1. For the stretch 157-179, give me the residue count where each residue is surrounded by 17 or more Cβ atoms within 10 Å (Cβ to Cβ) and either part of a helix (DSSP H, G or I) or not assigned by TED's automatic domain parsing to the domain that holds Leu248 (or both).
2. If you go through the stretch 50-59 one residue at a time, do you hit one that is touching a Pro at 6+ places or on another chain (Cβ under 7 Å), farther than 17 Å from Leu311 by Cβ and in contact (Cβ under 8 Å) with a residue 60 or more places away in the chain?
3. Please tell me if Ile350 is of a type in the set (Val, Ile, Thr), in contact (Cβ under 8 Å) with a residue 40 or more places away in the chain, over 17 Å from Pro286 (Cβ atoms) and touching a strand residue (DSSP E or B) at 6+ places or on another chain (Cβ under 8 Å).
4. List every residue pair whose Cβ atoms lie under 7 Å apart, where the two residues are 6 or more positions apart in sequence or sit on different chains, the first residue falls within the stretch 174-191 and is closer than 16 Å to Asp231 by Cβ, and the second residue, located anywhere, is of a type in the set (Asp, Glu).
5. Identify the single condition in (1) under 30 Å from Met314 (Cα atoms); (2) touching a His at 6+ places or on another chain (Cβ under 9 Å); (3) not in a strand (DSSP E or B) that Ile121 does not satisfy, given that it satisfies every other one.
6. Could you figure out which of (1) out of contact with any strand residue (DSSP E or B) (no Cβ under 6 Å at 6 or more places or on another chain); (2) farther than 18 Å from Leu311 by Cβ; (3) crowded, with 16+ Cβ neighbours inside 10 Å; (4) modelled with pLDDT under 95 isn't true of Pro62?
7. Identify, by number, the condition in (1) out of contact with any Gly (no Cβ under 8 Å at 6 or more places or on another chain); (2) buried (at least 18 other Cβ atoms within 10 Å of the Cβ); (3) not in a helix (DSSP H, G or I) that Asn182 doesn't meet.
Amino acid sequence: NHIAAINPPFELPAVTDPLSQQARKIALILPLSGPLSKAGIAVQDGVVAGYFNAKGHAWQPPKIISYDSHQQSIESIYQDIEREAIDLVIGPLQKNKLEQLVSLNPKVSVIALNYLTETTISNPSIIQFGLAAEDEARQLANNARHHGHKNAIIIQSNADWSRRAGLTFREQWAVLGGQTINHTALSEPKNYSSEIAESLLLPQSQARHKQLERLLATSIEFTPRRRNDVDVIILFANSEQAKSIKPLLAYHYASKLPVYSSSHIHDGVEGNSNRDLNGIIFNEIPWVLSDNAIKKKAHPQYKDNKQLGRLFAMGLDAFYLYPHLESMQQASKQVFFGKTGRLSINTNRINRELQLVQFNHGKIKPASSPRL
């Protein structure tokens with residue numbers, strides 16, 4: 001039941017991949033300057049870490065050529081890629097750059113580091129790979145339904161990722177036969193208490209109490225009762241917000257309701273600062289949860305900064321995925337145990353299954369199924 005138990009050694013693909021399937025030349029299309037340079041460099045560093053790890057496992061390492069998508073146009077980069085006879089493109093990272101690359105109908109294999117939600121990509125050479133909150137929302141719906149829950153309250157922030165996650169959860173929840181009893185989008189922190197109370201129908205309970213006192217013309221001892229038609233709470237909020245919301249749920253008589261959340265509630269720090277998050281079940285990527293040989297050698301920023309670490313892990317996975325792409329496309333049940341999750345391919349998109357964990361006394365432990 002240990003967190004590392006479902007994580008086979010990451011070095012395994014490097015040992016077992018046939019040399020005939022390895023890329024000879026890899027092109028990276030990433031923003032290496034400009035406002036997104038930190039993200040682009042993190043992905044690039046992940047790819048390079050994979051390169052040196054592969055070299056240590058007797059691979060013939062591919063040649064890696066980096067292109068700065070902030071400085072060069074996608075069209076000029078692709079012309080150079082064709083001249084270089086590139087085997088694999090990793091990137092672009094930005095949606096608009098990916099749209100431009102898709103319009104060129106590339107023949108080379110592409111692991112694009114984003115998803116196009118409004119554009120259908122028919123080119124089988126392009127695989128979409130991202131760290132979208134929607135992936136986590138779908139998995140949370142599957143997990144909560146598997147645990148026997150059916151009637152959900154969704155509490156989300158007003159952040160764009162949270163709105164997208166909330167919508168995806170509702171869609172998947174409905175497909176699974178679940179019902180969304182209430183959907184609350186939080187505004188300012190000062191309003192959290194009233195908004196949460198409203199989602200639990202506590203004002204209606206208090207109104208009934210006052211009406212009864214008026215009818216009887218006497219004071220009645222009273223404890224508000226929350227609604228009883230809900231069996232699970234789904235939370236899409238960041239760590240700071242969640243640390244306010246979880247105690248408020250207890251204050252408003254919902255302490256016994258299980259709470260599921262996306263990885264956004266985990267800021268990468270463990271300890272007493274997370275005591276208010278105790279019991280929350282959430283999904284998280286293996287890179288954040290456990291150590292490995294590459295992580296131990298990585299720059300501290302990819303261990304201490306969770307967001308940069310996730311991008312580093314995505315670059316690492318993208319480097320190692322190439323030899324598996326064809327077989328994964330042919331068999332959707334074939335999985336790759338990466339550092340961003342348990343990966344599979346369906347309709348030219350990489351699906352990520354994260355690990356389900358929960359906070360216990362401020363520490364992260366494997367999740368146990370909540371009792372109904």
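The values are calculated or read from the model by the stated rules, or taken from the named source; none is laboratory data. Quick caveat, the model's predicted, so the values are computed rather than measured. So basically every Cβ, Gly included, is an ideal-geometry build from the backbone, and we count neighbours across all protein chains shown.
1. Selection size over the stretch 157-179: 10.
2. The answer is yes; a qualifying residue exists.
3. no
4. If the second residue must be of a type in the set (Asp, Glu), the pairs left are Ile181/Asp229.
5. Evaluating Ile121 over (1) under 30 Å from Met314 (Cα atoms); (2) touching a His at 6+ places or on another chain (Cβ under 9 Å); (3) not in a strand (DSSP E or B) leaves (2) as the failure.
6. For Pro62, the failing item is (1).
7. The failed condition is (2).
So that you can scan it fast, the table gives a plain yes or no per residue for (1) closer than 19 Å to Leu140 by Cα; (2) within 13 Å of the chain's Cα centre (by Cα):
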| site | (1), (2) |
| --- | --- |
| Gly279 | yes, no |
| Asn292 | no, no |
| Leu325 | no, no |
| Lys333 | no, no |
| Thr340 | yes, yes |
